[in-house]
Each structure stands twice: as structure tokens, then as C-alpha cells.
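What follows is a short report on a single structure.
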Amino acid sequence: MKFFVDTADVSEIRSLAGMGLLDGVTTNPSLIAKSGRRMSEVIAEICDIVPGPVSAEVTATDLEGMLKEGRYLRGIAPNVAVKVPLTEAGLSACRALAAEGTMVNVTLCFSAVQAILAGKAGATFVSPFVGRLDDIGQEGMQLIRDIVQIYRHYPSIRTEVLVASIRNPVHLLESAKLGAHVATLPPAVLKQLFKHPLTDRGLEAFLADWAKTGQSIL
Ligand code: G3P
């Protein structure tokens, strides 16, 4: 399973990339706004740090505008994946950009039929948002289960399921069990994956016993 990080915070990305954990990065207009920086600069910097796909989202809502922005964004670096919303115009833009050899991430997917459309439009990734579905009392993971199952029936769909809006390690665990291709994790959730109280307690006990021996390995 590929791990992407969902942030535009370059220092976070640098530190996580140093741990060898990152296969890619996703951003969105809200995350760029949070960074307080110019989008083109941030995306260029991220693309230098992480060689895998880096999603940069268009903000135009019409086809022509999306194509202009998408072509500009993909010109920033060869590993840019242009992110478009799951709308009629977004899917047309996806089809056109994919035909030009650009990676496209179709975002804001909230139903399995929307994911079928993204697959048919030649998306490289489709981003179903699990946390936002949970927030409104629907089961986010059911959407992942449905999309993975449907895509498996149709090998001609090459779109990867990129689980987004992940809020906790259980979302990641369930996504991995279902065979989703990619999870994009907020940095805080990615760091939570390392943690287990028994690991901390066990290490503490080992070190205490080791200290009693008076030995040192080297
Ligand atoms: O980048 C898309 C998605 O991961 C956003 O997550 O937490 O804002 O619902 P969230």
C-alpha cells in the first residue's frame, strides 16, 4: 500500500520523507491556504523533496479554466498529479488531461457511482473522502469497500483508490484490509501509526534490565 501525506507543510514533508515513508503527497486549496505561501512555489518545493505523485488542485470550475490551470500545474514538475473535482467539467478535464499523459486525481468522491465515472474518465487516482462521510453519519469505509469491489470486476479500469479524509489509524487499517491502493494521511495520523503503549512499556523494561547488567554492546 502506498502512503501519501495530506499536507502542504514543507517542513513536515521533509521530515517524513527522511523517514523513507512517503510515496507521494496530496494538497488541496485549503491546505495551500493554511501554508500561507504561493501555490506554485510550494508545489515545486514539494516535488523536489518527494519523487512520487504530488497532487495540486485546480480551482477553476469550468472545463476551459480547469484545462488551463491543469496544464500550468503539470508544467511545474513531471511528478505533479492534477487534482480535479468530481463534477461534469472535472471529469471532462480528467479525460483530456489523461489523454495528454498527465496524472489526474479526481477528488471529492462521495459515492461508488462517482468512482465508476472517474475510472471511465481515465483518472490515475480517485479520492473518496471517508472522514467527511463519517462526519455526516454515513459509513466512510463502506464506500471504499464498494469502490475496491467494483474496480476489481473491471481490470480495464486502471484508476487507483486513494483513500482521503483519513482521521485515524483505524481508517488506514480498514483501507489496507480492503486492498485500497493508496492512503493519504495527515502528518499527525501518520505519526500515530508508530505508537503502541506496549511498545513504550516493553522498551522501558528492556532498558531497565539492561542497565542492571552493567554491560554495553560496543
Ligand atoms: O485532501 C483531501 C482530504 O484528505 C481532506 O481531508 O480532513 O479535510 O476531510 P479532510
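Worth pointing out:
- The residues listed here are GLU69, GLU45, GLU57; of these, the one that is acidic (Asp, Glu), at pLDDT 95 or above and crowded, with 20+ Cβ neighbours inside 10 Å is GLU57.
- If the condition is being closer than 19 Å to ALA123 by Cα, of a type in the set (S, T, N, Q) and more than 12 Å from the ligand (Cβ to nearest atom), then the stretch 165-182 contributes no residue at all.
- Top-ranked residue of the stretch 1-40 - restricted to ones that are polar (S, T, N, Q) and under 10 Å from the mean Cα position of the chain (by Cα), ranked as nearest to VAL182 (Cα to Cα): THR26
- Filtered residues of the stretch 185-218 (kept if under 33 Å from the mean Cα position of the chain (by Cα), loosely packed, with under 11 Cβ neighbours inside 10 Å and either in contact (Cβ under 8 Å) with a residue 40 or more places away in the chain or more than 30 Å from PRO128 (Cβ to Cβ) (or both)): PRO197, LEU198, THR199, ASP200, ARG201, LEU203
- In this structure, ILE217 does not satisfy being aliphatic (A, V, I, L, M), within 11 Å of the ligand (Cβ to nearest atom) and in a loop (DSSP other than H, G, I, E, B).
- Look at the stretch 9-30: where a residue is touching a residue at least 60 places away in the same chain (Cβ under 8 Å) and over 23 Å from VAL161 (Cβ atoms) and a partner is among the small types (Gly, Ala, Ser) and within 14 Å of the ligand (Cβ to nearest atom), sitting 6+ places away or on another chain with Cβ atoms under 7 Å, you get ASP9/SER35.
- Only one entry in LEU162, LEU108 is among the aliphatic types (A, V, I, L, M), over 30 Å from LYS195 (Cβ atoms) and within 12 Å of the ligand (Cβ to nearest atom), namely LEU108.
- Check on ILE76, under 18 Å from the mean Cα position of the chain (by Cα) and aliphatic (A, V, I, L, M): no
- Contact annotation: residue pairs with Cβ atoms under 6 Å, 6 or more positions apart or on different chains, pairing a residue in the stretch 169-184 that is touching a residue at least 12 places away in the same chain (Cβ under 8 Å) with a partner that is exposed (fewer than 15 other Cβ atoms within 10 Å of the Cβ) and not in a helix (DSSP H, G or I), are PRO169/LEU193; ALA176/MET1.
- Qualifying positions in the stretch 86-129 - within 21 Å of GLU45 (Cβ to Cβ) and free of Cβ contacts under 8 Å to residues at least 60 places away in the same chain: THR102, MET103
- Test: SER156 is free of Cβ contacts under 8 Å to residues at least 60 places away in the same chain, within 24 Å of LYS120 (Cα to Cα), exposed (fewer than 12 other Cβ atoms within 10 Å of the Cβ) and touching a helix residue (DSSP H, G or I) at 6+ places or on another chain (Cβ under 9 Å): yes
- Only one of LYS2, LYS34, LYS83 that is touching a residue at least 60 places away in the same chain (Cβ under 8 Å), basic (Lys, Arg) and within 15 Å of the ligand (Cβ to nearest atom): LYS2
- For the stretch 42-80, a residue qualifies if it is out of contact with any Ser or Thr (no Cβ under 6 Å at 6 or more places or on another chain) and either in contact (Cβ under 8 Å) with a residue 60 or more places away in the chain or among the hydroxyl-bearing types (Ser, Thr, Tyr) (or both), and the qualifying residues are PRO53, THR59, THR61, TYR72.
The values are calculated or read from the model by the stated rules, or taken from the named source; none is laboratory data. These numbers come from a predicted model, not from an experiment. Cβ coordinates were reconstructed from backbone atoms using ideal geometry, including for glycine residues, and neighbour counts include every protein chain displayed.
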